[in-house]
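Working notes, beginning with the structure itself.
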Amino acid sequence: QMNEVEVEAFSTPSYACQRRTTLDNHNAVLTDALSLLAENAELSDEDGRGVAFRRAAAVLKSLPEPVTGLTQLRGLPCLGGHSLRVIKDVLENGASSEAEATKQSERFKALKVLTGIFGVGVKTAERWIRDGIVGLQQLQLSERPLNRAQRAGLRHYEDLNRPVTRAEAAAVAAVVEEAVAAVLPGARTTLIGGFRRGKLTGHDVDFLMTHPEEGREAGLMPKVVSWLDSQGFLLYQKTTRNSYLEAKDGPARPPSNMDRFERCYSIFKLPEEARRGGEEARRGAEEAEPCSGAAAASQVKGEGPKPWRAVRVDLVVSPISQFAFALLGWTGSKLFERELRRWAGHEKAMSLSSHALYDNKQSRYLRASSEEEIFAHLGLEYVPPSERNA
Ligand code: CTP
Ligand code: MN
Ligand code: MN
Ligand code: MN
């Protein structure tokens with residue numbers, strides 16, 4: 001055709017850690033479809049397919065403009081046949097028939113609901129589904145034995161499936177900072193995870209704690225947890241102690257992607273007053289009395305609005321010598337982290353973890369006291385947290 005407008009093809013490097021991915025996604029319809037298929041793959045024990053869809057979605061998230069035609073995608077990395085078929089379907093029909101069918105499928109819906117319970121993984125959900133349990137009511141009626149985490153997850157299901165706002169994250173941060181200041185003056189608390197990347201909402205709030213003097217952070221977690229508990233802020237907590245020193249498999253290479261820091265997976269009881277955030281957070285926490293007529297978003301049956309909400313909170317402690325690695329490893333996104341490790345291994349013959357960076361060619365650890373230094377060791381341009389939203 002003579003007068004066809006030439007649309008320029010996009011181009012982008014192949015590792016997500018070489019790209020800048022802000023929250024300003026110009027291809028949300030496409031990436032929503034691919035992310036849903038990724039989630040379905042992950043819920044079906046098909047992690048390889050899941051990663052492939054996640055990588056394809058991440059490439060589209062990094063593009064400066066909406067995709068309007070398939071020809072623009074020629075030469076882009078990480079777009080396999082399956083992902084391209086999904087993209088084509090969305091571009092031509094406005095939606096992906098595969099994503100829509102998945103969304104409607106009973107199995108996907110049941111897996112979503114059941115794994116939406118804190119403490120329930122894919123394996124457990126599958127077992128229940130095989131026994132005909134596909135919803136919360138059936139689960140409760142079945143009188144299945146639930147562990148402590150699952151009981152808490154079920155009890156606070158509604159709150160924990162409602163996104164946490166920035167104001168709520170700030171209120172939690174004020175509480176955690178007060179706890180840390182009370183039990184170990186001089187210790188530092190840093191917001192990590194999605195909120196550090198600038199997300200407006202999250203499924204939880206993540207914090208990294210350390211102390212500027214190496215070793216002083218030892219014992220911090222149990223003290224923080226017992227302070228929080230004594231003030232009535234904890235609905236649930238499970239602390240896992242540091243297993244890094246006992247690891248026999250080399251510090252940069254734990255057996256899984258799990259790191260070995262002392263951590264605490266918890267559920268906070270965040271008072272309604274505290275949720276207004278800022279300075280009020282502190283006061284709210286101190287006067288922890290249920291306040292009159294507070295407009296709680298959810299109801300406790302028959303008891304009127306409840307003056308607090310449950311919030312998932314993750315706490316991690318690292319020694320200062322590993323702080324930069326922990327900060328980088330816990331800021332995410334999960335795909336960005338995965339891509340950093342893949343880049344390190346495949347392109348640089350290095351092993352990166354949330355504890356250390358090991359250079360296999362030089363047979364030595366590379367020290368770093370900032371994220372910038374780690375990117376430099378890896379031969380990557382520095383990517384700030386707000387641009388790690390792959
Ligand atoms: N992480 C980890 N080990 C875990 C859990 C999480 O290293 N056992 C890391 C993840 O790789 C991620 C970061 O911690 O980089 C935050 O994880 P998570 O809270 O699950 O995700 P967010 O990016 O914060 O997004 P969300 O809003 O869903 O919480
Ligand atoms: Mn998080
Ligand atoms: Mn988390
Ligand atoms: Mn995102």
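In the chain, what percentage of the DSSP-assigned beta bridges are antiparallel, given to the nearest 5?
Looking only at bridges with both residues in the chain, the antiparallel portion is about 85 percent.
So how far apart, in nm, are the two label points at Lys103 and Gln231 if each is 7 Å from Cα heading toward Cβ?
Rounded to a tenth, the inter-label distance reads 4.2 nm.
Quick one: how many Å² of Leu91 are accessible to a 1.4 Å probe, rounded to 10?
So the heavy atoms of Leu91 present about 60 Å² to solvent.
Work out the P(r) tail for the chain: percent of alpha carbon pairs separated by more than 26 Å, whole number.
For the chain, the fraction of Cα-Cα distances above 26 Å is 60 percent.
What whole-number value in Å² describes the accessible area per residue of the range 189-240 for a 1.4 Å probe?
Normalised by residue count, the accessible surface of the range 189-240 is 43 Å².
Among Phe336, Val122, Tyr265, pick out the residue whose Cα is farthest towards the positive end of the charge dipole of the chain, where Lys and Arg carry +1 and Asp and Glu carry -1 on C-beta, about the Cα centre.
Among Phe336, Val122, Tyr265, the one farthest towards the positive end of the dipole of the chain is Val122.
Could you rank the peptides 154-162, 102-110 by their average count of other C-beta atoms within 10 Å per residue, with the highest value first?
Sorting 154-162, 102-110 by mean packing, highest first, produces 154-162, 102-110.
Could you state the per residue volume, in Å³, of the convex hull enclosing the Cα atoms of the range 1-153?
134 Å³
Given R₀ = 35 Å, FRET efficiency for Ala182-Glu347 by Cβ-Cβ distance, to 0.05?
Taking R0 as 35 Å, the efficiency between Ala182 and Glu347 is 0.20.
If DNA, RNA and ligands are ignored and the probe is 1.4 Å, what is the ranking of Leu37, Leu191 by accessible area, most exposed first?
Of Leu37, Leu191, the descending order of accessible area is Leu191, Leu37.
Can you tell me the Rg and the Dmax, both Å, for the Cα atoms in the range 78-123?
Calculated on Cα positions, Rg and Dmax stand at 14.1, 40 Å.
Taking 0.36 nm per intervening residue step and subtracting the Cα-Cα distance, what contour gain separates Ala9 from Arg364 on full extension?
123.6 nm
Give the carbon-plus-sulfur fraction of the accessible surface of the chain in %, rounded to a whole number; probe 1.4 Å, heavy atoms of protein chains only.
Roughly 50 percent of what the probe reaches on the chain is carbon or sulfur.
Considering Cα pairs under 8 angstrom that are at least six residues apart, work out the relative contact order of the range 106-147 and quote it in whole percent.
For the range 106-147, the relative contact order is 37 percent.
Using a 1.4 angstrom probe, figure out how much accessible area the range 326-387 has per residue, in square angstrom, rounded to the nearest whole.
45 Å²
Measure out, as a whole number of angstrom, how far apart the alpha-carbon centroids of the range 308-377 and the range 141-180 sit.
27 Å
According to a simple spin-label model (label point 7 Å from Cα along Cα-to-Cβ), what is the distance in nm between Asp47 and Arg162?
Each label point lies 7 Å from its Cα, and together they span 3.4 nm.
Hey, with R₀ at 30 Å, roughly what FRET efficiency would Thr71 and Leu200 work out to, going by the Cβ-Cβ distance, to 0.05?
So the FRET efficiency works out to roughly 0.30.
With N set to the residue count of the range 68-148, report its C-alpha Rg divided by 2.2 N^0.38 Å to two decimal places.
Normalised Rg, Cα atoms only: 1.57.
Projecting each Cα onto the charge dipole of the chain (Lys/Arg +1, Asp/Glu -1 at the beta carbon, about the Cα centre), which of Ile87, Val316, Ile192 comes out farthest on the positive side?
Among Ile87, Val316, Ile192, the one farthest towards the positive end of the dipole of the chain is Val316.
Could you give the size of the charge dipole of the range 1-141 about its Cα centre, using +1 on the Cβ of each K and R and -1 on the Cβ of each D and E, expressed in debye and rounded to the nearest 20?
440 debye
Could you state how much accessible area Ile320 has, in square angstrom rounded to the nearest 10, with a 1.4 Å probe and all protein chains kept in place?
Here the accessible area works out near 50 Å².
Taking H as built 1.01 Å from N, whose amide H comes closer than 5 Å to the amide H of Cys78, not counting residues under 5 places away?
Distant-sequence amide H within range of Cys78: zero hits.
The values are calculated or read from the model by the stated rules, or taken from the named source; none is laboratory data. Just so we're clear, the structure is a prediction, and the values are computed from it rather than from any experiment. Neighbour counts run over all protein chains shown; Cβ positions are idealised from the backbone, glycine included. The accessibility values were calculated without ligands, DNA or RNA, using every heavy atom of the protein model including side chains. Shrake-Rupley method; radii C 1.70, N 1.55, O 1.52, S 1.80 Å.
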